[in-house]
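Report on the structure given below.
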Amino acid sequence: MRISSLTIALVLACALARPSVVQAHAILMESQPAANAAVAPGAIALSLRFNSRIDAERSRVTLIGPRAQASDTRAGAEAILPIIAAGSGEIIVATATLAPGFYLLRWQVLAVDGHITRGETRFSVTPGK
Amino acid sequence: MTLLVDLFGYLAIIIHGLTIVAQSMAVGGVVFLACLARPRAWLLGSAGEAILSDTIRWTRIGALGLAVAEAARLGLDGAVLVGTLGITPLDVLGANFAEAGLAKLIAALLLTLTVGISRPRLALALQVLPALAILAAATLTTHAAARVDNREILLVASFLHQAGAAIWIGGIPCFVAALARVTHRAEWLVIGERFSALSMIGVACIAASAGTLWWFYIGDVAGLYGTAYGVMTSTKAALFLGLLGLGYGNFRAVRRLRADPDAPVTRLKRFAEVEIGIGFTLFFAAASLTSVPPAVDLGADRVSLTEIAERNMPRMPRLESPDHDNLTLPALQARLDAEAAAGAAKPAQAFTPGSGEIPARNAEDIAWSEYNHHWAGLFVVAIGLLALLNRAGIGPARHWPLLFLGLAGFLFVRSDPEAWPLGQIGFFESLRDVEVLQHRFFVLLIVIFGLFEWRVRATGWKNAGAALVFPLITAIGGAALLTHSHAIANIKDQLLIELTHTPLALAGIAAGWARWLEIRLDGCGQRIAGWVWPACFVLVGLILLIYREA
């Protein structure tokens, strides 16, 4: 059998390559609150705008917090928020009543063309904002 | 289950690539059947029936493959949605992509049953309509379906793009099978001229739609080199140009055949074989492209020409290794061990294999990786040069495959510093990590390939069929590199690494098919191809030598 060394080179290149990462198809273009922004406590509309139209029924937004510090990695309270589609389908909106603290908003969305993407954004709730 | 979302990306690209290949073969087969095999059968004598039968078989294989790939794709996506959202499989089937996938699956199954029908009206209804349904459903799972603006024009362009690819590339397996059935010049001409015309229609569809897609998805030149989407599009364009070159070669071969009855026809067949290979590679690049966001959506964090030039500026290779103890994971493990010892407790593990977490990297980790690439590059350049010397007739150089054993040993020790033999994680425990498992598998392959190749060189073992394994595996290796990894929202470092991997992949693909031509062609073409593939090998080594991660 005649198997060239180049095959090995390519295998080698694969072997040396860095690990693959999550394929990102639907990307977050804008969020409210913005990433790392501070907002006032109370009823807050959380909105995420993507570059693709989203299937809101098959997407999920999870709010984690409040946490005492932004760097606190303990799980904290975790709530799945009901979401609705807005705009031309590229925006998903959820509402929540929030106490002061640091929050993590995790999202997993299904784009209309069938790609699943997930990500997260952080913000804080501060009295007086 | 969230881990599954992370890991399934690569598998999804592979399945999507197979879907495009099968879809193109099915639709291309229907076009070949309707425009060549049936209407021209009477001109092809006894070969006409055989060609008809071959075309039906290839089309059926494509349609069946499409049904299987689509079912796998629906199953994979559905499993992730059910697992992460807690919805039922029935809920998944209500999604747009699932409806389109089901439509494609049903149309493909229908085609497998009806492709043999020869009555013209029935054939139109039960072959051409399912083929159109397959293309329409496929269009609904492209970027265009999810776009907020210009959706309609992008849907039309995407439909045309896929139709062109199916007419041209998807029809080549039937073309090659048909050429194998005929022996007379007149029959070669009948097949060659009609398929040339079909190919030109396919190329026109691809070129026109590619321009539209480029305009709306990339927008400017900076998007072409500064984003993952643009880089992959450029790669597709390079493969497309290669295909055009081969297609033009075949076009000229047909014209020569018309003027000179004694003109050789072998090249026509061999070039068409290579077109299949490069065309299918292009389909995997296209599959990879669907999983990254269009360049126009990424305004920030694009890579500039200056950054690309700076990263790829040749520097002296890093031939001295950083200290293993200074790498992120060994250093963290040492700290955890010390803390545990102070508290008389069992130390925690710095890294859990199989957790799916990508550990942080420090400057020493980057230096470690670059050192590995550079030494591997030296090995590969040395192997390539010795292979060239061997090609030039220098006998002792034939033992170059033995260098593979040294390379395999080097990679076994160095590729995963956190695992045995250098790290604290045991050999079998480390295999729970997908990346480590891949590395160990590749090392095993290198050992096997090295020993096989050395046996070929040392004993002169000849086996014509087995010789084709090399170009095929090399081409698959190149395609795998093209689909390997892409940036999340355009992280610059990821893209800069990808920019190095792309020429590696293209050099590999060129070498694989050059070797194929060396085996399958004769005369001058064979001699040229015989020098090209070892030269590409040297090029791969040189690219590895200038590889940098920072």
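The values are calculated or read from the model by the stated rules, or taken from the named source; none is laboratory data. Bear in mind the structure is a predicted one, so any value in this text is a computation, not a measurement. Because the Cβ atoms are built from the backbone with ideal geometry, glycine has one as well, and the counts that use them run over all protein chains shown.
Here are the criteria: (1) more than 26 Å from residue A:114 (Cα to Cα); (2) surrounded by 15 or more Cβ atoms within 10 Å (Cβ to Cβ); (3) modelled with pLDDT under 95. Tell me which single one residue B:121 does not satisfy. Condition (2) is where residue B:121 drops out. A single entry from B:91, B:77 fulfils the requirement of being in contact (Cβ under 8 Å) with a residue 60 or more places away in the chain and over 21 Å from residue B:30 (Cβ atoms): B:77.
Among all residues of the stretch B:96-103, there is none that is in a helix (DSSP H, G or I) and in contact with a strand residue (DSSP E or B) (Cβ under 7 Å, 6 or more places away or on another chain). Restricting attention to the stretch B:134-149, the residues that are part of a helix (DSSP H, G or I) and free of Cβ contacts under 8 Å to residues at least 60 places away in the same chain total 6. Among the numbered conditions (1) more than 14 Å from chain A (Cβ to nearest Cβ); (2) in contact (Cβ under 8 Å) with a residue 24 or more places away in the chain, tell me where residue B:42 comes up short. Among (1) more than 14 Å from chain A (Cβ to nearest Cβ); (2) in contact (Cβ under 8 Å) with a residue 24 or more places away in the chain, residue B:42 violates only (2).
Table: residues versus (1) surrounded by 16 or more Cβ atoms within 10 Å (Cβ to Cβ); (2) modelled with pLDDT under 90.
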| position | (1), (2) |
| --- | --- |
| B:342 | no, yes |
| B:356 | no, yes |
| B:361 | yes, yes |
| B:374 | yes, no |
| B:386 | yes, no |
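Exactly one residue among B:71, B:98, B:67, B:63 is at the interface with chain A (Cβ under 8 Å from one of its Cβ atoms) and modelled with pLDDT of 95 or more, and that residue is B:98.
Pairs linking a residue in the stretch B:158-176 that is touching a residue at least 24 places away in the same chain (Cβ under 8 Å) to a residue that is outside any helix (DSSP H, G or I), with Cβ atoms under 6 Å and 6 or more positions apart or on different chains, are B:158/B:142. Among residues of the stretch A:77-106 that are over 21 Å from residue A:54 (Cα atoms) and of a type in the set (D, E, K, R), those with a beta-carbon under 7 Å from a residue that is at pLDDT 90 or above and surrounded by fewer than 21 Cβ atoms within 10 Å (Cβ to Cβ) at least six positions away or on a different chain give the pairs A:78/A:62; A:78/A:64.
Exactly one residue among B:274, B:303 is closer than 23 Å to residue B:522 by Cα and surrounded by 16 or more Cβ atoms within 10 Å (Cβ to Cβ), and that residue is B:274.
In the stretch B:150-243, which helices (runs of 4 or more DSSP H) lie fully inside it and hold 1 or more residues that are loosely packed, with under 15 Cβ neighbours inside 10 Å and modelled with pLDDT under 90? Before you say what the answer is, go through the steps one by one.
Working: elements: B:151-168, B:172-179, B:185-217, B:221-226.
Ranges flagged: B:185-217.
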